[in-house]
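The values are calculated or read from the model by the stated rules, or taken from the named source; none is laboratory data. Here the structure is a predicted model, which is why all the values come from computation and not from measurement. In this analysis, Cβ positions are derived from the backbone assuming ideal geometry, glycine residues included, and neighbour counts consider all displayed protein chains. Protein only, heavy atoms only, side chains kept; ligands, DNA and RNA dropped before computing areas. Shrake-Rupley method; radii C 1.70, N 1.55, O 1.52, S 1.80 Å.
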Amino acid sequence: MPQKNRKNMQNKKRIILINAYPSSLGEGGEKNNIPAGLLAVGTWLTKKSDFKVKLIDCLVEKDYKEIIKNEIKKGGVFLVGISAMTFCIPNALEVTRLIKKIDPKIKTVWGGIHLRLYPEQTIKHPLIDFAVYNEGEKPFLNLANCLSKGKSCKNVK
């Protein structure tokens, strides 16, 4: 990548949205699950902000770990949102651990069905920085805006 493009990418605030795969199916086991929640969040972010958003669907992308690594290495990623159903938790934690290993400064936010069922358990996990409960479009954008500006996130619902 030319130096000029790399610099522009690093200055641009980037968000990655990840759809975790169900551990009971194995990698790439079921490809009929459309990540509607993440698509809604990503669309909202794209329309209402200047953040660059990348969606990675672990159900579809065979080499999703390499894709995640490469996206983070491009620079500018400050926030990663992960959608997880309860049976996706092992994979979602593995992906979150990978992100934190590459760059511990990247904040992680979880959403999805598991969070709705077990909000306290989810947010207490040391790898998870934030959780978005129910409809995530507006809270995620508010959180992203606060984090990108280095402001406190206390008042983000």
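The table below lists the values:
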| quantity | calculated |
| --- | --- |
| Cross-link pairs beyond the 20 Å C-alpha cut-off, checked among K69/K138; K48/K149; K105/K149; K100/K157; K54/K157 | K69/K138; K100/K157; K54/K157 |
| Sequence-distant residues sharing a close amide H with I106 (under 5 Å, placed H) | none |
| In Hz, Karplus ³J(HN,Hα) per residue of the stretch 140-151 (6.51, -1.76, 1.60; θ = phi - 60°; x = Gly, Pro) | 5, 5, 4, 4, 4, 4, 4, 5, 5, 9, x, 8 |
| Accessible area (Å², per residue) of the chain, counting only protein heavy atoms and a probe of 1.4 Å | 58 |
| Percent accessible area from carbon and sulfur atoms, the stretch 35-157, protein chains only, probe 1.4 Å | 54 |
| Descending semi-axes in whole angstrom, ellipsoid equivalent of the stretch 14-136, from the Cα gyration tensor | 19, 17, 16 |
| In sequence order, calculated HN-Hα J values of the stretch 69-80 (Karplus, 6.51, -1.76, 1.60; Hz; x Gly/Pro) | 4, 5, 5, 5, 5, 5, x, x, 6, 10, 8, 10 |
| Linear extension gain, F87 paired with A40, 0.36 nm per residue minus alpha-carbon span | 14.7 nm |
| Separation in nanometres of the label points that stand 7 Å from Cα toward Cβ, at L127 and K157 | 3.1 |
